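Accompanying notes for the structure given below.
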Amino acid sequence: MSSPSPGRTLVFKILRHNPQDPTSEPHVARFELEEYEGMTLFIALNEIRERFAPDLQFDFVCRAGICGSCGMVINGRPGLACRTLTSTLAPEITLAPLPVFKLIADLSVDTGEWMRGMSERLETWIHEQTPVDLHAVEERMEPELAEAIYELDRCIECGCCIAACGTARMREDFVGAVGLNKIARFRLDPRDARDDGDFYDLIGDDDGVFGCMSLLGCHDICPKELPLQTQIAFLRRKMVRVS
Amino acid sequence: MKIVYTDVLVIGGGLAGLRTAVGVKQRGFDTIVLSLVPAKRSHSAAAQGGMQASLGHSAMGAGDNEDVHFEDTVKGSDWGADQRVARMFTHVAPKAVRELAGWGVPWNRVSQGEREAVINAERVVITESAKAHGLITARDFGGTRKWRTCYTSDGTGHAMLFALGDQSIAHGIPVMERMEALALIHEGGRCYGAVVRNLVTGELSAFLARATTIATGGYGRIYKVSTNAVICEGTGTAIALETGVAELGNMEAVQFHPTAIVPAGILTTEGCRGDGGILRDVKGHRFMPDYEREKRELASRDVVSRRMTEHMRKGLAVQSPYGDHLWLDITVLGREHVHKNLREVTDICRYFLGMDPAEDWIPVRPTQHYSMGGIRTDHRGESTTLKGLFACGEAACWDMHGFNRLGGNSVAETVVAGMIVSEFIADFCAGSESDINLSTGLVREFVEREQAGLDGLLNSSNGESASAIRSRMEEIMIEQVGIFRTGSELESAVEELEQLLERSRRLSVRNRVPGANPELVAAYRLPKMLKLALCAALGARQRTESRGAHYREDFPQRNDRDWLNRSITTWPSAEATLPRLDYESIEVGDMELPPGFRGYGTRDHIDHPHSDQRHRQIEQILKAVDPNDRYARQAALMPFEHLLPEKYRPRSQRLEIKT
């Protein structure tokens, strides 16, 4: 277990705003907490809410780094708050909501609506060739291929890649690394009937793979360490070939 | 007053809810899913190790079939399960895996030839058949005779949930996020929908439906330390209880998972032990073989959790600032295996403990994990007492788990129950019995009652805050309604919880905004959670025997003579402070597998007077049936196929793999 220096006082500077409340103005609120061993931002934010700010809004669900609910900007860098130990940060901690997504309030943003929109546009589901016979022995797949698909399937739609993306800031409809990674995932999957022509129709423009400026913020911050850089580059080459 | 109409209202956007929604949509009905969070963030995503289905394609799963899976499930349940439901489940589980494969779940596959594995802390070589190459493989889990747990690394729930989430989008099913059902709308024993609060705006509306389905998961968060997500507060189960009509079953049956990390309480999958990991004490000694010579670390969860607690009580725990714990050692599996097949575990250890589980031992202890209890339903998933209300997944007591569920059977139940129950819901909606004749005046009454409750909380100024009461409830549950239980502790738990419930009716909040308001949410959920806690505590106090996860130190034997039954709780009235407790007997005469020795510890239980008779009867029946026809033998003992929706009745094919 990590052992931070004992007795640190942590100063939290949290960007607060509630668009539901007509009197609310965006401002930075300051809170102090005594740190203890094993403290995560999940623990700290709950303590702040409990002791100082009952109306403070943030999202946690699994609190285990699995569900992707708690993406926020931690000291300027998008990341998952639940698995961030305060001991890995300097004593002054700045927290802000993920940009690009619609703000619900304080640190809570609406990633759900954005992700659903992206999924509908890119049709992020298997386009079955023939319906599966549930009673028959399943189709075979090479073990390595199944593992390669899982590698890309690990995305948790936390939104950190979108928050770290230069294009997403400028282009409202850019599908981002999360969307491109999904296309790479379905492209790899032999169960999906779509071919590169079909994928080109979905991502062969500036809102898709050609909008990426290769700044690669997505790759650097992806909490699941997905190989976004290679996938986007690979897709771009494939899509150029189709065009 | 806003009223939304649909055919099927699904409350809960995890695996069970989504599969139900897809099922009714495929049958041509409209459906709306309500979810506290974006559906793909549901707690289903946290299922790591896999789902059980008897495909039998891996070498160590050879010879597996529905019969073996059924027997494991019933023994695991300590004979508490409804055996017909367990049969329906094991019959459909292989179909569910295959359906999910079609929807894109990248199940790990059999790779032909020799491979190394760790069994009982020793390296062995397993030879996979060339015939099975590329088919879905399985790993070992506790309480199973075959390697039966299908998996994608240790992110199985995630892969399943995303495949189903994407299917629900493909089917155009609206999933309304950040919506919470506060009460069911019902009259004359018929459920018509729910009063729903928008968690962002605070607005209340009524959702009316031919059928309402609750798939909101478990109630783990009534315990202080739980592996469950923070949203698993059992509120879906509670709104069913609060109708005063719907029954809850076996609420005292609460599972503790042996290996959650200390102190965060986050799960490390049973796959750690299934793949060969072992448990060690403060001296580094591997202690499980001392207690369970045959099954060792892979006894069923209730048994392992009890043995660990017993061992820690002997002073053999590791002491830490966060309390006592033991070690989970997966270093024996080797770095490559750990980093590839136990990836989430690796990440969890890295981020929360700052260590690499391929190098060091993981600090673990038993932690609340699963709610076997829930809304009591028939085999169709419909409430036994409230027409038009269905439930499936962890929120339901269907009841395939009885008093202990096997690892890998819950994530399997979510999709299997969703498949089966959605067909029955669709049948119900197709018939005239689902017609709604309801006055909007009644709907208004239900909405206004909820609004008045919320206004009361926002306007009252001298009440208590919810958080102190909630903490005390969580402590009581973990200390007095935990792994080891005694009559006197349970007595005092019930008494104090009752006082807490009374106090929880006089709360106030500091933050008085009607919209998004986490403090208000905590306040209105608290009485609901306390009611569930009381159902569990009272059920445990009255049940003077030990069965599965319910262990009474003062009554250590399983007592089939007096307690072969299901605890049924209902809530008598809004003012009541205790549930009403009844019992539903489980008939030995109908069982395919009559009660017997479960295979742990020593044989020590009180027999049911009809057990012997049923055993003899079964012998007689089987004499007349072809010993090589397992389907005929099963059908002679306990027919169940007619209970299934027709589309799921055909037998599942599997390749016969030679060992």
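The values are calculated or read from the model by the stated rules, or taken from the named source; none is laboratory data. The model shown is predicted, which means the values in this text are computed figures rather than measured ones. We place every Cβ from the backbone using ideal geometry, glycine too, and count neighbours over all the protein chains shown. Keep in mind that these areas ignore ligands, DNA and RNA; they rest on the heavy atoms of the full protein, side chains included. Shrake-Rupley method; radii C 1.70, N 1.55, O 1.52, S 1.80 Å.
Here is how the numbers come out for the structure above:
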| quantity | calculated |
| --- | --- |
| Restraint check, B:Lys146/B:Lys295; B:Lys95/B:Lys340; A:Lys224/B:Lys340; A:Lys102/B:Lys40; B:Lys131/B:Lys647; B:Lys75/B:Lys224, Cα-Cα greater than 21 Å | B:Lys95/B:Lys340; B:Lys131/B:Lys647; B:Lys75/B:Lys224 |
| Förster-model FRET efficiency, 45 Å R0, B:Glu116 and A:Gln129, C-beta, rounded to 0.05 | 0.80 |
| Computed magnitude of the charge dipole of chain B (debye, nearest 20; Cβ of K, R +1, Cβ of D, E -1) | 880 |
| Angle between chain B longest axis and helix B:518-542 axis [Cα atoms, degrees, rounded to 10] | 60 |
| Separation of alpha-carbon centers, segment A:136-182 and segment B:438-466, rounded to whole Å | 44 |
| Order of exposure, largest accessible area first, which applies to B:Arg510, B:Arg485 with probe 1.4 Å | B:Arg510, B:Arg485 |
| Local net charge near A:Arg171, Cβ-Cβ under 15 Å (Lys/Arg +1, Asp/Glu -1) | -3 |
| Gaussian network model of chain A, springs between alpha carbon atoms under 10 Å - residue of A:Phe52, A:Phe174, A:Phe186 with greatest fluctuation | A:Phe52 |
| Shielding score for B:516-529, defined as the mean number of other chain Cβ atoms within 10 Å | 2 |
| Test item: A:113-125 mean partner chain Cβ contacts at 10 Å | 4 |
| DSSP bridge orientation in segment B:554-659 - percent antiparallel, rounded to nearest 5 | 75 |
| Distance from segment B:249-273 to segment B:25-48 (C-alpha centre basis), Å | 24 |
| Segment A:34-104 shape via C-alpha gyration tensor axes, a/c threshold 1.5 | rounded |
| Paired Rg and Dmax values of segment A:115-168, which use every Cα atom, in angstrom | 15.7, 48 |
| Heavy-atom SASA rank of B:Glu575, B:Glu502 (probe 1.4 Å, accessible area, largest first) | B:Glu575, B:Glu502 |
| Label-to-label distance, nm, for residues given as B:Arg145 and A:Val242 (7 Å Cα→Cβ offset) | 5.1 |
| Gain in span if fully extended, B:Tyr322 to B:Glu619, counting 0.36 nm per residue against the direct Cα distance | 101.5 nm |
| Solvent-accessible heavy-atom area per residue, rounded to whole Å², over chain B at 1.4 Å | 32 |
| Part-to-part distance (alpha-carbon centres) for segment B:137-193 and segment B:338-388, which is given in Å | 14 |
| Nearest-0.05 FRET efficiency for A:Asp173 and A:Ser24, computed from C-beta distance (R0 35 Å) | 0.75 |
| Shielding by other protein chains, B:624-633, mean Cβ within 10 Å | 0 |
| Residue with peak Gaussian network fluctuation, chain A [Cα springs, cutoff 10 Å], from A:Asp153, A:Asp195, A:Asp133 | A:Asp133 |
| Using alpha-carbon coordinates, inclination of helix B:466-480 to the longest axis of chain B, degrees | 30 |
| Simple label model, 7 Å out from Cα along Cβ direction - A:Glu50 to B:Asn462, nm | 2.8 |
| Helical mean residue ellipticity (222 nm; -39500 (n - 2.57) per DSSP H run of 4+; nearest 500) of the protein assembly as shown | -10500 deg cm²/dmol |
| Efficiency of FRET between B:Arg313 and A:Leu145 - r from beta-carbon atoms, R0 41 angstrom, step 0.05 | 0.25 |
| Proximal lysines to A:Lys238, defined as alpha-carbon separation beneath 21 angstrom and excluding residues fewer than eight positions away on the same chain | A:Lys182 |
| Globularity ratio of chain A, using Cα Rg and 2.2 N^0.38 Å | 1.16 |
| Gained length - B:Arg472 relative to B:Arg505, 0.36 nm times residue gap less alpha-carbon distance | 10.3 nm |
| Segment A:Asp206-A:Gln229, extension gain: residue separation times 0.36 nm, minus the distance between their alpha carbons | 6.6 nm |
| DSSP H segments from chain A that extend 20 Å or more along their own axis, Cα-based, with Kyte-Doolittle mean of 0.0 or above | A:228-242 |
| Gyration tensor (alpha-carbon) shape descriptor, the protein assembly as shown, a/c threshold 1.5 | rounded |
| Rounded tilt (10° steps) of B:156-170 against the dominant C-alpha axis of chain B | 50 |
| GNM result for chain A, Cα springs below 10 Å: residue of A:Leu228, A:Leu107, A:Leu33 fluctuating most strongly | A:Leu33 |
| Equivalent ellipsoid dimensions for chain B as semi-axes, Å, which come from the Cα gyration tensor, largest first | 37, 29, 26 |
| With DNA, RNA and ligands ignored, accessible area of B:Val415 (1.4 Å probe; Å², nearest 10) | 0 |
